[in-house]
Amino acid sequence: MPSDVVEIGRARGPEPAGPAGVAGNMILTGNTNPAGGPCPLAFFGSRVEAGFPSPADDYLEGRLDLNEHLIEHPAATFFLRVSGDSMTGAGIHAGDILIVDRSITPSDGKIVIAAVDGELTVKRLCRRGGQIRLLSENPRYRPIEIAAGQDLHVWGVVIHAIHSFA
């Protein structure tokens, strides 16, 4: 059964009624501000070459608040840390932090956080011919076919994955 997701947190904003077990505040800005406010990070305007190196512009363009770029609906956004390898083909790996928006309507092809018979999982939603399936992005895992009467609750749509290389 599915069990790919652990460690739940919520974006800063008004506390809406949410899925059972969603609690706490996780701020995405690398916040070291004791007052708990946003702490924008340095943003360099020059691009980094992924091919051959080019001379760097030592130019600081300004500050970058990741909340402004990654979270459109703070009151409807929460975070999850991934365990398992069923979504590696979509670039989602164990240890990654997923940013999930509950205000987005789950539709065919979206990556969603779903509770299947009470167990959380992250999968690609497939709705075709009146049938609902949750698809892995790893060929080692079979699709989860949602049968009539089976308990399925989609918590939200994954909008970003934060992957660490360290």
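Condition check for G45 on (1) at pLDDT 90 or above; (2) loosely packed, with under 10 Cβ neighbours inside 10 Å; (3) not aliphatic (A, V, I, L, M): one failure, at (1). Would you check if there is a residue in the range 68-84 being closer than 20 Å to R140 by Cβ, out of contact with any Gly (no Cβ under 9 Å at 6 or more places or on another chain) and either of a type outside the set (D, E) or not assigned by TED's automatic domain parsing to the domain that holds P143 (or both)? Yes, the range 68-84 contains a residue that is closer than 20 Å to R140 by Cβ, out of contact with any Gly (no Cβ under 9 Å at 6 or more places or on another chain) and either of a type outside the set (D, E) or not assigned by TED's automatic domain parsing to the domain that holds P143 (or both). Against the conditions (1) out of contact with any Ser or Thr (no Cβ under 9 Å at 6 or more places or on another chain); (2) hydrophobic (A, V, I, L, M, F, W, C); (3) surrounded by fewer than 18 Cβ atoms within 10 Å (Cβ to Cβ), L98 satisfies every one except (3).
Looking at the range 149-158 only, could you name the residues that are touching a residue at least 60 places away in the same chain (Cβ under 8 Å) and over 14 Å from V82 (Cα atoms)? Talk me through it step by step, then tell me what you get.
Initial filter on the range 149-158 (touching a residue at least 60 places away in the same chain (Cβ under 8 Å)): 153, 155-156, 158.
Scanning the range 149-158 gives H153, W155, G156.
Could you please find all residues in the range 57-94 being modelled with pLDDT under 85 and of a type in the set (K, R)? The one that is modelled with pLDDT under 85 and of a type in the set (K, R): R63.
All of I146, I132, I113 fail the test of being in contact with a Gly (Cβ under 6 Å, 6 or more places away or on another chain) and either farther than 12 Å from M87 by Cβ or surrounded by 19 or more Cβ atoms within 10 Å (Cβ to Cβ) (or both), apart from I113.
Taken together, the residues in the range 121-162 that are modelled with pLDDT of 95 or more and not in a strand (DSSP E or B) amount to 8.
The values are calculated or read from the model by the stated rules, or taken from the named source; none is laboratory data. All figures in this text were calculated on a predicted structure; none of them were measured in a lab. Every residue, glycine as well, gets a Cβ built from its backbone with ideal geometry; the counts of neighbours run over all protein chains shown.
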